[in-house]
Structures are given as structure tokens and as C-alpha cells.
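**Q** Encoded as C-alpha cells, here's the structure I'll be asking about.
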Amino acid sequence: MTDLLWLRQDLRLHDQPALIAAAHAGAVIPVYVLDDEAPGAWKIGEAQRWWLHHSLTSLADALEKKGSRLILRHGKAEAILPALLEETGAERVHAIRHYEPWWRDAEAALGDRLCRYDGNHLARIEDVTTGAGAPYRIYSSFWKGLQPHLPSDKPLPAPRSIPAPETWPRSDRLADWHLLPTAPDWSGGFDWTPGETEALRKVKQLALDGYDERRNLPSEEGTSRLSPHLHFGEVSPRTVWHATEGADTIFRKELAWRDFTDGVVSALPDYADVNGRRRYDTLPWRSGTAAQADLRAWQRGRTGYPIVDAGMRQLWQSGWMHNRVRMITASFLVKHLLIDWREGERWFWDCLVDADYGNNSVNWQWVAGTGVDANMFGRIMAPIGQSEKFGAGDYIRRWVPELKHLDDSAIHDPDAAGCRPDSYPAMLIGHREARERALAAGKKVR
DNA sequence: CAGCACTTCTC
DNA sequence: AGAAGTGCT
């Protein structure tokens, strides 16, 4: 008997329950379907296509070492997979559950031909609910509710070998998918090694001493940088959970955020497009030429606020941004520039190697104050204050070369220090003025 | 239902 | 120290 193993955001061989079950049943045909139709506007973004190319290469190598292969197909997964079942005479599809709305639809469409397994979350999403049976909207309550469902089983080892079918179906050539950027190749600054081997190496070398403080300092390497590996499932959250036994709980709380945000988007599938609090539909976001120019300045890292520009340039050049700076840049777009959060969400989606439907939408709506979890619109971050508070001097000097020569006394606010070089843009808007404009706009919401 | 507590702050 | 809306128990 032969079964299909449908791989999506679980590109690994260890702790891979769908693989173990398929191999137990008989021969396995591992398949990855590049589905750019079902997700609509949320198809895989540009930076992640680069990641995907390398991660699939790494996965195909690992499968071949186990006597198997990776079959590549493109098209709508819910059509491709039944056709592949037919073609190969396979009986069932084995896959790990995913909670993006398009994956839930595809899973439903496959009906009883699909065997689903838990594996990409700490707990099964539908198991963690409030006393009333609804999904949590407040993280701290979610964390409490998660406790009885935390993983206790040890992660599954990778199988020694994977039973192969007598004949293999044809596969697309990865190169034909053109996942890598060509003209221009903007990925030159990407300092990443996609794939399971590197993901597991990072987990092994996790140093969480002082994580609580250090994770907030953009100038230091205080975060785990596991997010893209977790998004693509190159390592399972359960593996990370077990590796951090006895470590700082703050880190484990960060890990549980993936579960929380998937709970939100599983209850509210269009959360990436629709305000969680519908009354914010009346908020008068700026639009028109001036707003377009401001959006472009933000995207390119030319707002005149050093910490914002450093973050946006790090994002563009490296495919990633430090978490503290994500908050500052996002708040700046929404409150200081009064531009719809969905513009920022879209830009992050295309630029981040760790872009994730749940995390991206929930966190943008949190910052914007439009979300179901409670941050108030009137709460406006002070970018320069944040830059000083979290010691971002070295970080700015690294990403904004025009300001390289400035010391800590001047770098957070070169204008105030009277030493802004001509090559560096003036502030798009002053902090006080922007703050008042945002508060006035916020008052227009019923 | 009332009271408690809230990831990411500001002055 | 203040400000502040609301999800959750």
C-alpha cells in the first residue's frame, strides 16, 4: 500500500507524526504543492519564496538520504492531491494540521481521504478555549488556559529509512518555480541558512541567559532567530519546548504566541483584512499622494527617524527585523503617519522570511489598536524615547550608514543634536504634531 | 455580575 | 504615577 505525505509548513523529518504514520502504513510519496491560488492575496511572499527554495532543497536531500524523494507539484492543492492519489494508486493523504484559512478549506475539501495529525503547535488549537468554549482573545488568559495542554511526550525521532513506492510519479523541477529573485537579486544581504539541520543546530545552541532583558535590545543578538524555521516547520514547537526545559519562561511564552495567534485567525479567518473591532472601520486613515509618498519613505527607511529607518532597512536587506523594532516601526506607520495598518501588514508579508498569517495579522492589529485584543488606539509609542531606552545606537550605526559617525548622544535624534547630515532625510513629521493628529483621528471612531 | 488584570508606555 | 477599555473568571 502507498500513501501520500503532504508537506506544507512542516518541512522536517524529525517530530513529523504524519510521516511516521504514513511510513507505518506502507510506502510513502512525500509531496510539496506550491499553491498560489488558494491563499489569494496571501500567497507566499517574495522573501519567503527565497527561503522556500532553499528549505525544499534541504528537505529533498534529507529525504534522499533516507531512500525517499520529494515530489513537487504546483496548482490548487485540493485539486492536485486527489489527482495524484488517482495517478499513483495511493489511498490516503497524511498531513499535519495548519490553521491558515486556505489550508483549513483545502483540508475540508479532501474529506476522509486526509488523515490529519497535530505537530505544528504546542497544543491542538481547538482544545484551548475559555470557560465559555470560545477561543481566547487575551494572551495572558490564553497562557493560563494552555497549561493543561502543554506537550509532555518527547519529540519523535526521524525515521531511519522511509519505504519507497515501486515507481515514482513525475516531479516539477524546483528551478522551474523561479522562487529565487533574479533581476535584481535583492537577497544578497540575507544571512540565513534555511533547513532542518540549521534549525536544530540553532535550538541546540539556544542561550537564554538574560533573555528577558536582552531580547529587547536591537543592538544585541538577544533573540533566538528561530521564527522562520518555526514558520516553515523545520523544527517543531514541541522540540523547542523540550529543549528549553528549565529555561526562562519568558522565552516559552513567546513560543506559545504562535498557538495564540492561530487560535485568533482560526476563529476569525479574515483577520488579516478586517478590523477586529469593526467600529474602527470609520477611522479616517490618510490616503492620496502625500500618504503614498510617506508610505514609500517608510518602506525604504527614509522617514528621518533613525530607529524607524534602521528597522525598515534591516527588513529590506536581511528579510527580518528585530522584534522591538517591529513594534516601533509598525506604531510609527499607523500612528505617526496615520496610514492603514493593512499597508504595513502587506509590506511585512512580502519582506519577512518569517511572515506568518496569524502572527502578522494579530500583531499588526494589536499595534494599530483595531484588534480584538486590547491595545488602545491612543497609546502611541515615542520612537526616539524607545530608541534611547533600548540602547539602539549600534543598531542604527549598522543599518543607517549616513549616521555611522554619530555617537550615542546624537544618534537617536540627529536634528535635535544639530548634526543631521544632508544625506539623511528630515523627519516626515514631528512627534508632537503626529501624536496630536493621531489622537484627533482616533476620537472620530464611534 | 463585579472585580481583576492586562506582553510589549509615557511623562 | 497615570490612563484606560474590556475579556475573562
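Derivation of every value follows stated rules applied to the coordinates shown; laboratory data play no part. All of these numbers come straight from a predicted model, not from anything done at the bench. So basically every Cβ, Gly included, is an ideal-geometry build from the backbone, and we count neighbours across all protein chains shown.
**Q** Which of the GluC sites (Glu not before Pro) found in region A:210-302 are loop residues per DSSP with 13 or fewer other Cβ atoms within 10 Å of their Cβ?
**A** For GluC sites (Glu not before Pro) across region A:210-302 that sit outside H, G, I, E and B with at most 13 neighbouring Cβ atoms in 10 Å, the list reads A:Glu221, A:Glu245.
**Q** Okay, moving on. Most exposed first by the Cβ proxy, i.e. fewest other Cβ within 10 Å, how do A:Trp102, A:Trp168, A:Trp285 rank?
**A** By the 10 Å Cβ count, ascending: A:Trp168, A:Trp285, A:Trp102.
**Q** What does the helix-only formula give at 222 nm for chain A: each DSSP H stretch with n ≥ 4 adding -39500 (n - 2.57), the total divided by the residues, and the result rounded to the nearest 500 deg cm²/dmol?
**A** It lands at -12500 deg cm²/dmol.
**Q** A further question on this structure: Near A:Lys204, which lysines are there with a Cα under 16 Å away, not counting those fewer than 8 places off in the same chain?
**A** Result set, ordered by chain and number: A:Lys154.
**Q** Whose amide H sits under 5 Å from the amide H of A:Leu34, counting only residues 5 or more places off or on another chain, with H placed in the peptide plane?
**A** Under 5 Å from the amide H of A:Leu34: A:Arg73, A:His74, A:Gly75.
**Q** Sticking with this one: For region A:167-245, what is the per residue volume of the convex hull drawn over the alpha-carbon atoms, in cubic angstrom?
**A** In region A:167-245, the Cα convex hull volume per residue is 138 Å³.
**Q** Just to check, using Stokes-Einstein with a Kirkwood Rh over alpha carbon pairs, what's the diffusion coefficient of chain A at 25 °C and 0.890 mPa s in µm²/s?
**A** Estimated diffusion coefficient is 106 µm²/s.
**Q** So if I place +1 on the C-beta of Lys and Arg and -1 on the C-beta of Asp and Glu, and nothing else carries charge, what would the dipole magnitude of region A:180-283 be about its Cα centre? I want it in debye, nearest 20.
**A** Here the size comes out at about 280 debye.
**Q** Moving on. Comparing A:Ala132, A:Ala207, A:Ala392, which has the greatest mean-square fluctuation in the GNM of chain A with Cα pairs linked when under 10 Å apart?
**A** Evaluated over chain A, the most mobile residue of the options is A:Ala132.
**Q** For A:Glu436 paired with A:Asp112, estimate the spin-label separation in nm (one decimal), with each label point 7 Å from Cα along the Cα-to-Cβ line.
**A** Between A:Glu436 and A:Asp112, the label points sit 6.9 nm apart.
**Q** If neighbour count is taken as other Cβ atoms inside 10 Å, put A:Arg12, A:Arg97 in order from fewest to most.
**A** Lowest count first: A:Arg97, A:Arg12.
**Q** Okay, moving on. Can you tell me the equivalent ellipsoid semi-axes for region A:369-436? Use √(5λ) from the Cα gyration tensor, largest first, whole Å.
**A** Output for region A:369-436: semi-axes of 27, 15, 10 Å.
**Q** What does a probe at A:Arg286 reach in region A:364-405, counting residues whose amide N is under 16 Å from the point 7 Å along Cα→Cβ?
**A** Output list for this probe position: A:381, A:383.
**Q** In vacuo Debye scattering of region A:297-344, one point per C-alpha: log10 I(q)/I(0) at q = 0.30 Å⁻¹?
**A** Log-scaled intensity ratios, in q order: -1.22.
**Q** What would the Debye formula give as log10 I(q)/I(0) at q = 0.11, 0.12 Å⁻¹ for the alpha-carbon point model of region A:49-160, no solvent?
**A** -0.54, -0.64
**Q** In chain A, what % of DSSP beta bridges are antiparallel (nearest 5)?
**A** 5 percent
**Q** Take A:Thr182 and A:Ser152, extend 7 Å from each Cα along the Cα→Cβ direction, and tell me the distance between the two endpoints in nm.
**A** 5.5 nm
**Q** Something else about it: For region A:1-119, what Kirkwood radius comes out of the mean inverse Cα-Cα distance, in Å?
**A** It is 14.5 Å.
**Q** Another question, if that's okay. Beyond 18 Å between alpha-carbons counts as too far, so tell me which of A:Lys335/A:Lys443; A:Lys389/A:Lys443; A:Lys202/A:Lys389; A:Lys144/A:Lys253; A:Lys43/A:Lys202 fall in that bin.
**A** A:Lys389/A:Lys443; A:Lys202/A:Lys389; A:Lys43/A:Lys202
**Q** Could you compute how fast region A:278-443 diffuses translationally, taking Rh as the Kirkwood radius over C-alpha pairs and applying Stokes-Einstein at 4 °C with viscosity 1.567 mPa s? Give it in µm² per second.
**A** 81 µm²/s
**Q** Arrange the following residues from fewest to most other Cβ atoms within 10 Å of their Cβ: A:Arg296, A:Arg397.
**A** So the ranking, lowest neighbour count to highest, is A:Arg296, A:Arg397.
**Q** Here's a follow-up. Rounded to the nearest 0.05, what FRET efficiency do A:Ala134 and A:Ala247 give with R0 = 45 Å and r taken as the Cβ-Cβ distance? Could you check?
**A** Efficiency for this residue pair is about 0.90.
**Q** Let me ask another. Would you mind pulling out the separation of the Cα centroids of region A:321-398 and region A:254-275, in Å?
**A** What the calculation gives is 17 Å, centre to centre.
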